[in-house]
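Enquirer: One structure, pasted below without further comment.
The values are calculated or read from the model by the stated rules, or taken from the named source; none is laboratory data. Everything numeric here is computed off the predicted structure, so don't read it as measured data. Note: ideal-geometry Cβ built from the backbone for every residue, glycine included; neighbour counts use all protein chains shown. Surface areas here come from the heavy atoms of the whole protein model, side chains and all, with no ligands, DNA or RNA. Shrake-Rupley method; radii C 1.70, N 1.55, O 1.52, S 1.80 Å.
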Amino acid sequence: MTGIVEREAAVLWPTYARPRVQFVRGDGVRLYDAEGREYLDFLGGIAVVAAGHAHPKVVAAVAGQLATLGHTSNLYFSGPQVDLAERLVDRFGAPAKVFFSNSGAEANEAAIKVARRWGKAARGEQATGIVATLGGFHGRTLATLAATGKPAMHPPFQPLPPGFSHVPFGDADALAAAIGPGTAAVLVEPIQGESGIVVPPPGYLRAAREVTADAGVLLMVDEIQSGMGRTGRLFAHQHDGIRPDVVTMAKALGSGYPIGATIAIAEVADTMRPGDHGSTFGGNPVACAAAMATLDVVEPLLDGHVEKVSARLAEGLHALLPLLRTAPGANGAAAEVRGTGLWFALDLGEGCGVTAKEVALAALGHGLVVNPVTATALRLAPPLVVTVEEVDEAVARLGGALAEVGACR
């Protein structure tokens, strides 16, 4: 392991703090490292590998398209791109149009641009502002970082683009108060992923839809992490029975093959003109083939399977809570389980005595991949193909890790 650590340090930017493991192969829900050790992957490449590692349908689709036509650019028509767009619009459930990019940050960049283009046309030249939420995460480009409601991330890269404001997540009244004549859109996650799988109060997304509709501004829902079945529906906003004006997707859309999508209702999308936006690689035929195959795998799993394994995972995580050690009289937050579908956080609480990072490292030693998404919370986002038996196995391994680091009584 030392060799690759030294080689990486010599040639790659020091932007990641990695545990000392190198994965070289994946199969379904399992990963294998360079020494041949096996792991249960309950992070899924940060909610990316929804179809599981090396799913035969995805592999065949990618290989077949790459052997036929890998790239022509967006200067010409592309059948796979139109096929995928038609399918996404159909699932969105309203007349809409799609812009394809390569990542979640790029999908949100496109959303910000179309919101400003629409805002100027529909509400006047002053309507360029984007209202987002504290704790939200929308990407690491300059504009999406400005939209991200994590002020501690901003100082190294200031000045950031202007026009972004933030209100508390889950507070529809604060959202309404923040909208003014200079507002083009509201950008919100259905559940905040990078803040530790933070679930808003019931009805929040519905209230946000009502607030934005009443104010005549766009509701843009960031489904980059929550979409593609992660919560048990193809889009998380479908649980609330609403239709946003703009939805962004990426992560699981291509099963690890880079692709992002920005879906906008037709009247919004049609404010864009040739040359307003573009991408050399966005929606290339291989990425679209990967996405179509991923949808083929994921959509049948939303007919009961995700609900079943979700209930088992929630049950297993809740069973670990009584084992967690809390400091007597601690003033900090209590341990809890948050989430839905196959997207959970096990929050150790402020009095646990160990950090989420320590538990995640111990979990690796027990053959389980989870992510310390905050100082106290572990994120679990396994492939949607996970079985009940694999859930039970993962919970047992996590329990062993908690006991090893002394987080348990």
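Enquirer: I need the full set of residues from the range 286-318 which are of a type outside the set (Val, Ile, Thr), over 20 Å from ALA110 (Cβ atoms) and either in a loop (DSSP other than H, G, I, E, B) or touching a Pro at 6+ places or on another chain (Cβ under 9 Å) (or both), in order please.
Expert: ALA289, MET292, LEU302, ASP303, GLY304, LEU313
Enquirer: Can you tell me which of (1) of a type outside the set (A, V, I, L, M); (2) surrounded by 17 or more Cβ atoms within 10 Å (Cβ to Cβ); (3) outside any helix (DSSP H, G or I) is the one GLU109 doesn't meet?
Expert: (3)
Enquirer: Collect the residues in the range 196-207 that are open to solvent by less than 30 Å² (accessible area, probe 1.4 Å) and closer than 24 Å to ALA381 by Cβ, keeping them in residue-number order.
Expert: GLY196, ILE197, PRO200, TYR204, LEU205
Enquirer: Pairs please, first residue from the range 286-308 and within 14 Å of VAL386 (Cβ to Cβ), second anywhere and open to solvent by 40 Å² or more (accessible area, probe 1.4 Å) and part of a helix (DSSP H, G or I), Cβ atoms under 8 Å, 6+ apart in sequence or on different chains.
Expert: Going by the 8 Å Cβ cut-off, the qualifying pairs are VAL297/LYS57.
Listed here are the residues, each with its yes/no results for (1) more than 30 Å from THR15 (Cβ to Cβ); (2) of a type outside the set (Ser, Thr, Tyr); (3) more than 21 Å from the chain's Cα centre (by Cα).
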site: LEU142; (1), (2), (3): no, yes, no
site: LYS150; (1), (2), (3): no, yes, no
site: PHE157; (1), (2), (3): no, yes, yes
site: SER165; (1), (2), (3): no, no, yes
site: ALA172; (1), (2), (3): yes, yes, yes
site: LEU175; (1), (2), (3): yes, yes, yes
site: GLN192; (1), (2), (3): no, yes, no
site: GLY196; (1), (2), (3): no, yes, no
site: PRO201; (1), (2), (3): yes, yes, no
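Enquirer: Return the pairs, sorted by first residue and then second, in which the second residue is assigned to a loop (DSSP other than H, G, I, E, B) and surrounded by 10 or more Cβ atoms within 10 Å (Cβ to Cβ), the first residue lies in the range 150-166 and is at positive phi, the beta carbons are less than 6 Å apart, and the residues are 6+ apart or on different chains.
Expert: Going by the 6 Å Cβ cut-off, the qualifying pairs are GLY163/THR128.
Enquirer: Give me the pairs: first residue in the range 250-278 and more than 19 Å from LEU219 (Cα to Cα), second residue at pLDDT 95 or above and assigned to a strand (DSSP E or B), beta-carbon distance under 8 Å, and six or more apart or on different chains, which are they?
Expert: LEU253/GLY260; LEU253/ALA261; ILE259/PHE100; ILE259/SER101; HIS277/PHE99
Enquirer: For GLN192, are the conditions met, namely being in contact (Cβ under 8 Å) with a residue 24 or more places away in the chain and surrounded by fewer than 17 Cβ atoms within 10 Å (Cβ to Cβ)?
Expert: No: the conditions fail for GLN192.
Enquirer: Restricting to the range 200-231, name every residue that is part of a helix (DSSP H, G or I) and not basic (Lys, Arg).
Expert: Answer for the range 200-231, where residues must be part of a helix (DSSP H, G or I) and not basic (Lys, Arg): TYR204, LEU205, ALA207, ALA208, GLU210, VAL211, THR212, ALA213, ASP214, ALA215.
Enquirer: Only residues that are farther than 21 Å from GLY28 by Cβ and in a loop (DSSP other than H, G, I, E, B): list them for the range 232-266, please.
Expert: Selection gives ARG233, LEU234, PHE235, GLY241, ILE242, ARG243, PRO244, ASP245, ALA250, PRO258, ILE259.
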